[in-house]
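No value in this document is a laboratory result; all are computed from the given coordinates. Predicted, not measured: the structure shown is a model, and the values here were computed from it. Every residue, glycine among them, receives a Cβ derived from its backbone with ideal geometry; neighbour counts consider all protein chains shown.
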Amino acid sequence: MPDRYVTVGGVKVHYIEEGSGTPVVMMPGAAYNARTWVQVGLVKAVADAGFRAISVDPPGQGETPQGKYGFGGGLKFLEDFLPMVNFNAGVLLGASLGGNTVATYALAHPDKVLGLVLVGAVDLVRHGPQFKVLTGRPILLIWGKHDDVSPVDNAEAVMSRVNTAELVRIGERHACYLDDPQGFVQTVVEFLKSRVAQA
């Protein structure tokens, strides 16, 4: 899969892209990078399902330097990055801190979100009632059965306010996609194909 680079806010951002159609932008957890979604098979599977898979190294991860985006600057980064890769509306997927980042973006720009996949996303409880703005949007929540980093309360904070959100438990740990890559990928692809409109 070809490595791509785009300069965003003075920062040379690395990402991997495959396929065409409705974009699915993937953000890794803080300890991982854009290649993580390649290694578990998600990028290829999403592209094969008829979507445009975009797996990005956020600032300070993988091949992307921190630049001007400090800790907590994920929302601003996505606001700057997404137009550079011609993302007008699509699906956002994020794990752990990356899940918090895509959720924050979705709350700020619900009109641009055709679907949301949150994987063990951290600190969602604090957004609480704000999730109501995503009512009607398809949301997939994936949590490990024994996630010791992000309690399932974070998933319940979304489900209690968005009736189109569903929770699936996969694997055991926080990075549940590493426990059962095949099951994880299959769950995401089925969600995309059945619940997200394709371009």
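Laid out as a table, the results:
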read-out: Qualifying residue in the range 155-170 (condition: in contact with a Ser or Thr (Cβ under 9 Å, 6 or more places away or on another chain), buried (at least 23 other Cβ atoms within 10 Å of the Cβ) and under 26 Å from ALA31 (Cα atoms)); value: no
read-out: For PHE77: the one exception among (1) within 26 Å of LYS193 (Cβ to Cβ); (2) part of a helix (DSSP H, G or I); value: (1)
read-out: Filter result for VAL125 (more than 16 Å from the chain's Cα centre (by Cα), hydrophobic (A, V, I, L, M, F, W, C) and exposed (fewer than 15 other Cβ atoms within 10 Å of the Cβ)); value: yes
read-out: Members of the range 36-93 that are acidic (Asp, Glu) and either surrounded by 23 or more Cβ atoms within 10 Å (Cβ to Cβ) or touching a Ser or Thr at 6+ places or on another chain (Cβ under 7 Å) (or both); value: ASP57
read-out: Criterion: part of a loop (DSSP other than H, G, I, E, B), of a type in the set (Ser, Thr, Tyr) and either out of contact with any Phe, Trp or Tyr (no Cβ under 9 Å at 6 or more places or on another chain) or in contact (Cβ under 8 Å) with a residue 24 or more places away in the chain (or both) - qualifying residue of TYR15, TYR32; value: TYR32
read-out: Search result, residues across the range 104-126 that are assigned to a helix (DSSP H, G or I) and either in contact with a helix residue (DSSP H, G or I) (Cβ under 6 Å, 6 or more places away or on another chain) or under 20 Å from PHE51 (Cβ atoms) (or both); value: THR104, TYR105, ALA106, LEU107, PRO110, ASP111, LYS112, VAL125
read-out: Hits in the range 165-179 - residues which are in contact with a strand residue (DSSP E or B) (Cβ under 6 Å, 6 or more places away or on another chain) and outside any strand (DSSP E or B); value: ILE170
read-out: Tally, over the range 119-161, of residues that are closer than 16 Å to TYR105 by Cα and in contact with a His (Cβ under 6 Å, 6 or more places away or on another chain); value: 0
